[in-house]
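A short worksheet on the structure shown next.
The values are calculated or read from the model by the stated rules, or taken from the named source; none is laboratory data. Quick caveat: nothing in here was measured; it's all calculated off a predicted structure. Note that we place each Cβ from the backbone using ideal geometry, even for glycine, and neighbour counts take in every protein chain shown. The protein model used for the area step is the full one, side chains on, heavy atoms only, and it has no ligands, DNA or RNA in it. Shrake-Rupley method; radii C 1.70, N 1.55, O 1.52, S 1.80 Å.
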Amino acid sequence: MFNCFQDCIWGRQAKKLRPRSPESIASAIVTKILNADTPYSLEKEVNEEISINGWSDAIAQAILRGLENAIKAGAHMAQAASDAATQSKNAAVGFATEHPVYATLIAFGILALLTPLALEVLGFGELGPIAGSFAATWQRTYAGYVPKNALFGYFQKLGMKWHWVY
């Protein structure tokens, strides 16, 4: 109860009365580094931790070890993600080999979903080519005359009729 009153009266200064090990301070700092929302919030939180406990070579060494362990853990996770991606690819290839008709239908379905987005990204908009886009540059190559049955006209027609729904 005395600590509670002490914290209220002296604020953070009371925490100096409770010494912490360099490892626990470093652990708190590494956790803040890994979970920081913004660089400003990270700087503020680390400065608070250091101003409360002071800085030492032991804390710096412990922070370095903590960051090395976090990087190694991330490397293990990256390897696990790579293994999962390889297994997924192998399963997809196996499915496509065993069921070519289903795989073709799925591919066409994905193509039908992504085509409107691809057309919009390329610049084929609802009202015509979007200024400064690939479609506008392509249209400029025709110098104002787009030949009948040109691929550009087909893409623009799709862009005007087949809208991407957000």
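Okay, here's what the table says:
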| item | result |
| --- | --- |
| Qualifying residue in the stretch 114-125 (condition: of a type in the set (Asp, Glu), part of a helix (DSSP H, G or I) and closer than 30 Å to Lys157 by Cα) | yes |
| Residue that is among the small types (Gly, Ala, Ser) and open to solvent by 40 Å² or more (accessible area, probe 1.4 Å), where the choices are Ala103, Ala84 | Ala84 |
| Identity of the residue in the stretch 121-142, within 32 Å of the chain's Cα centre (by Cα) and at positive phi, that ends up surrounded by the most Cβ atoms within 10 Å (Cβ to Cβ) | Gly123 |
| Residues within the stretch 21-54 that are out of contact with any helix residue (DSSP H, G or I) (no Cβ under 6 Å at 6 or more places or on another chain), of a type in the set (D, E, K, R) and modelled with pLDDT of 75 or more, tallied | 3 |
| Matching residues, the stretch 143-160, being modelled with pLDDT under 85 and open to solvent by 60 Å² or more (accessible area, probe 1.4 Å) | Ala143, Gly144, Tyr145 |
